[in-house]
Amino acid sequence: MLIDVLSAVESSSFTAIREQMVDTVRFLNARGWTPATSSNFSACLPGFADTIAISRSGVDKAAFSESDVMLIDGGGRTVWPEGVRSSAETLIHTLIYDLFAPGAILHTHSLGATALSVLKGRFGKVAFQGIELLKGLSGVTTHETCIDVPIFPNDQDMERFSVSIRDRLVGDAPYGFLIEGHGLYTWGETLAEARRHVEVFEFLFEYALRMEAFNGTAHNS
């Protein structure tokens, strides 16, 4: 499907998404979850099929602005503006849209997510159950729910990495996943929901790290 680029760029949908993305990035950056030029974010553009608003590559997230939001198509190709590129990890975004059809995706690089991904990477996942804040994840209604967060070994070859993610997650329904030594990918129906999921995961990761430290201290005392 051909995209009417001018209509998309001038649409109220794009204006709203850009404003929401800036607010989201400022929120995440203020909490130290998107330091320096790390992280990337995207959202489907309402009213324009196969069109995704995504953050430009290499932008310091402390200075992120509306001009740092570009448009790509469902295959990850730049739609607007010409000569601007999105993150090398764009293929991971398009894969997540293809697998789970969310409205928005947030990728963060917090200290907690990175540390836990290394600590638990050899297990291939980290599981959470019995924690009240799990109910902050869309559709979870009880703390007794068990949520698995897959952990993938990092890989700089995005095409190969995307295939490995697809092979493992196809038919699954996670709320997000970790990349070892790298960070978190999570998503939601809207940017607001995806942001809430980041908050939930960051609490869970910090909880897990503190419990690991506590258990280690107790074991050695």
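Of note:
- Scoring residue 127 on the criteria (1) out of contact with any Cys (no Cβ under 8 Å at 6 or more places or on another chain); (2) surrounded by fewer than 17 Cβ atoms within 10 Å (Cβ to Cβ) leaves a single failure, condition (1).
- Considered as a group, the residues in segment 50-73 that are among the small types (Gly, Ala, Ser), touching a helix residue (DSSP H, G or I) at 6+ places or on another chain (Cβ under 8 Å) and not in a strand (DSSP E or B) include one that is nearest to residue 91 (Cα to Cα), and that residue is 65.
- Residue pairs meeting the criteria (Cβ under 9 Å; at least 6 apart or on separate chains; first under 21 Å from residue 160 (Cα atoms), in segment 80-103; second in a loop (DSSP other than H, G, I, E, B) and hydrophobic (A, V, I, L, M, F, W, C)): 99/170; 100/173
- Any chance residue 122 is surrounded by fewer than 16 Cβ atoms within 10 Å (Cβ to Cβ), at negative phi and touching a residue at least 12 places away in the same chain (Cβ under 8 Å): no
- Test: residue in segment 157-176 that is within 30 Å of residue 16 (Cα to Cα) and modelled with pLDDT of 95 or more: yes
- Residue 107 vs. criteria in contact (Cβ under 8 Å) with a residue 40 or more places away in the chain, assigned to a helix (DSSP H, G or I) and within 17 Å of residue 195 (Cβ to Cβ): no
- Identity of the residue in segment 1-49, outside any loop (DSSP other than H, G, I, E, B) and among the aromatic types (Phe, Trp, Tyr), that ends up surrounded by the fewest Cβ atoms within 10 Å (Cβ to Cβ): 27
- Strands (runs of 3 or more DSSP E) fully within segment 145-221 counting 1 or more residues that are among the polar types (S, T, N, Q): 183-188
- Unique match (being out of contact with any Lys or Arg (no Cβ under 6 Å at 6 or more places or on another chain) and surrounded by fewer than 21 Cβ atoms within 10 Å (Cβ to Cβ)) among 112, 103: 103
- So residue 86, is it among the polar types (S, T, N, Q) and within 16 Å of the chain's Cα centre (by Cα): yes
- Checked against (1) buried (at least 16 other Cβ atoms within 10 Å of the Cβ); (2) on the phi < 0 side of the Ramachandran plot, residue 183 passes all but condition (2).
The values are calculated or read from the model by the stated rules, or taken from the named source; none is laboratory data. Just so it is clear, the model here is predicted, and its values are computed rather than measured. So basically every Cβ, Gly included, is an ideal-geometry build from the backbone, and we count neighbours across all protein chains shown.
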